Structure formats: structure tokens, C-alpha cells
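Just below is one structure, and these are the notes that go with it.
Each value in this text was obtained by applying a stated rule to the coordinates, not by laboratory testing. All values derive from a computational prediction rather than experimental measurement. No Cβ is skipped: glycine too gets one built from the backbone with ideal geometry, and neighbour counts run over all protein chains shown.
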Amino acid sequence: MIEALSGLGAGEVDDLTASDVLHAIRDRKAAEDRAAADQLVLAAWWADLHPPESIHDAASFTVPGCEHEEPIAGDGAPLVAEFCVAELGTVLGISTTAAKKLIGHALELRHRLPRLWEQVHSGRVPAWRARAVAEATIHSSPALTREAAGFVDSQVAAVAGRIGQAQLDRLLADTIRRYDLATADPTADPEDGWQHVDPRHVTVDKDDVHYAGTLHLEAELDLADALDLDRAVAHHAAVQKALGSQLSLDARRAKALGELARQQTALDLHADRGGFEARSSTTDKARTSTTDESGPDLPAAREVVIHAHFDASVVGEQTVFGPTGRMENGQRLVLLDQVRSWCADSRTKVTIKPVIDLNAQLTAQSYDLPDRIREQIILRDRTCVFPSCTRPARGCDIDHITAYDHDAEAKGRPQPGPTRSDNLACLCRFHHRLKTHSAWRYEMTAPGVFEWTSPHGHRYRRDHTGTTALDPPAAPPGIPRPRRR
């Protein structure tokens, strides 16, 4: 019965008994675990097939805020050719970074956590649990030696991978002490030989914009600073309520944090006696609030540059904007009323960008891009146009799809790669280098629509809706199952 359910349709579910459902879903979960384990084997084998020519061509992770890079796996694991990672990611429908993690986890488990690797393939430990351990040992600070990683492996394997994140953190800390890995750290405490780790940070996730127009902020502060901030936020929230705000406490606390960031006090809120929220009603009111007779003429506390795109139509002599648009940062839906409130809130300087026709064919006579063409390409592509890449276009390079010939004019031949809208695309730095120095090729088939071909002949279409695989090459018959090491 269970084997016959591989193509189970919605109507056929009605024929299953409760016992059949439990057996079927259990078998599907077991098949999923086996497939995840096989993916690790194949990812490691893919790495074996692509050793780097030199250490400078090895795949690695860039560390935000630092000048160094972390290896794809820990000490003792083989290096991997940098550009091979992208093709594995596109076949799986994941980003290059996610594919890099998959390969790194596979190599970390096979070479530095062999007990856990065997437990994954015997079915005792699910792949996701083993990958969580591998992620921790790869990016441990300070880095774990092969011997130290082996100790972690023995401890985790003894409990069949059943270890939570807090327990894993304590195990790593104990391992670093046990193997004196922190003694070379100039900030180490000489009394106990333990490294001093400063956990303080403030992180704003600018790439994930909520549909409500908010961003996630996470921070780790000094105890005294955190208590002071809590009191200040609570005070500002209370002032807002006293001035008539109808927002919830959480919303008022969040708004207070923004006011603190602009170094405003509650005094300038009294300039408008109509209530705190009334100041967000219109842009004109926000502009006149800085010159209100009841308060001083203060400089702008906030400068707003919002890249939002709205459909517009002309009715008579008036331009009418649609009620919804798209935020460029985060590719999220935004309401026109939201933009009005952001611009109207507080003493705000508003910068308006000129409208650009994304369908126009713009041309430059040289290799360098004028600002107007650069802006058009960024607005058209939105992100890096490589399959499954989501890096925002504003952080990308502008690539000539067909390479620009710098010697064409001097030698009297036509320019094969003009600086023109239909020959330009946004590529993040890694995928720009990939296109330039590897066998990956692409072309623009329509404005904002690109077709990519990988070194092994896999084809993908990339447009505003995402990435679509196109007629992949047929797999050779009788592919042998890779040997597990």
C-alpha cells in the first residue's frame, strides 16, 4: 500500500485509514531524512571533484565588519574551488551562500566530525541536527583545531546528536578551555586562561522589510547602558501617551527609540498641541512645524530618501498615484499613506528622486555609466540577476552582458558591448567575477528577463518573479551511488 502512494493525489487520501496515514507519513519522513543524508554525501563528492588551483581560489565566507574571511570548513577539511559552489546552488534552487554552507557542513562532518557523519548515514541522527553542530564547529571563535573538533564529535555522538544550542555553546566553551585555544588571545584573562568575548552589538536587518514598513533590530548592551536605555524608552513612551497618542505601549516604545536616535526631546513634541499622532497627518503640516511660532526654527532631525515605486496616471492636469507600491529595499509592498506618514513625522527633510522610464533605451558613448543609466538599471533589475541571488541591486556592480571592447574605436571596428540599457545588468561582486572568470554565460531576452547557462549546460530564466529552471540536460543513465567515506 505504502509504495503505491508515491504519486498520491488529494482525492486518494480519502481512501486511507488512520493507520495508513501514520504509516505513509512516517515513511515519507524517513525518505526525507535519507534524501538529506544523501545530499550531504553528494555535496562532499562535488567538492572532491572541484579542488582549487590555489588557496586564493578557495571558497570562503566573508565576515561582516572584518577584513578576513573564514574557510568553508574547519582545519583538516579540503579546500573547494570558489566558482563550483554557484552551480550546485542553482541546481538545488538555493542561493550561492546556502550552497556554500551545504558543502561546508558536508566536509566538516566527513573530515572533522566522523562519528556524527556515520550516525547521519546510519539513520540515528537527522541531517539537520548534524548540520547545526557542523555550523557551530566551523565558525567557532577561536577556531577549533582538528583534535578539538574530534572531542566535540565524541561528546555529541555519545548522545546521538540530541544536544540543544545552549548545551552546544557550553560544550564549545569547555573545548576551548580544555585545549587552551584562547591563550594566544591578547584579551584573554591570565587568571583562568579563558578568552574575553565581548558580546555587545546592535544589528539592524536592513534586507528584511516587514509588510508594515518595519525592520528587525537586535542588540546586546552593557548592563548599565541597557537599563538606561530602558528607562529612556519608557519615559518617551509615557510622554507620547500624555500628549494624546493612541498607539499601544509596544508601538510607543518603538517610536521612542526612533526619537532617541534623532536626539530629540519631548519638548519639541509640544509644538503641535493637536496631539502626537496629528503631526503625521500631512506633509505640509510637517514642513510648517519647523517654523511654528511656539517653538524655535530647528534644523531637520531626519533626512528621508525613500526608493518607493508607485503606478501613476494623469487625470486632467493632476497626477494620481495608486494606493500601493513597492519598496525597493526588501522588495515589499508599501502603502502610499505609509510614505506620507514617514515624511510627515518629525522635522523631516524629504528628498524626491526624478521619475525614470524603465522601458526607455538609454545609451552612453563610453564605458563609464552616467548616473541616469545606472539608476535605471538598478530600478529595473531590483536585485542581482544571477539565479536565486537576492542581493539588492544598489549594492551590486553594473555588468556589460557582452563585454565592452576598449580598443574598438582605436582599431576602427564596431563596439560589440555598448553601454546601453539592453546590454547592462546588476550582478553582485561574486557573481560578477563568476561570469567574468568562468564558463557561466547569460543574455537578456527582454527588459529585466535573463537566461543563464551553467558550465554543465543547465539553463535558468531569471526575472522579477524569481528563478525558473529550463529544460535541464538529460542525466546520463545508470549514475552510480557515491561511496560514503
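A few remarks follow.
- Here the 3J(HN,Hα) profile of the stretch 17-25, calculated from phi with Karplus coefficients 6.51, -1.76 and 1.60 at θ = phi - 60°, is 7, 4, 5, 4, 4, 5, 5, 5, 6 Hz, Gly and Pro shown as x.
- Put in order of Cβ neighbour count within 10 Å, fewest first, the listed residues Lys411, Lys241 become Lys411, Lys241.
- Amide proton proximity set for Leu424, modelled H, under 5 Å, gap of 5+: Ile401
- Neighbour counting of Cβ atoms within 10 Å sorts the residues Thr383, Thr214, Thr453, fewest neighbours leading, into Thr214, Thr453, Thr383.
- Charge tally around Arg413: other residues with Cβ under 14 Å, Lys/Arg +1 each, Asp/Glu -1 each, net -2.
- Backbone HN-Hα couplings from phi across the stretch 101-107 [Karplus 6.51/-1.76/1.60, Hz, Gly and Pro as x]: 5, 4, 5, x, 4, 4, 5
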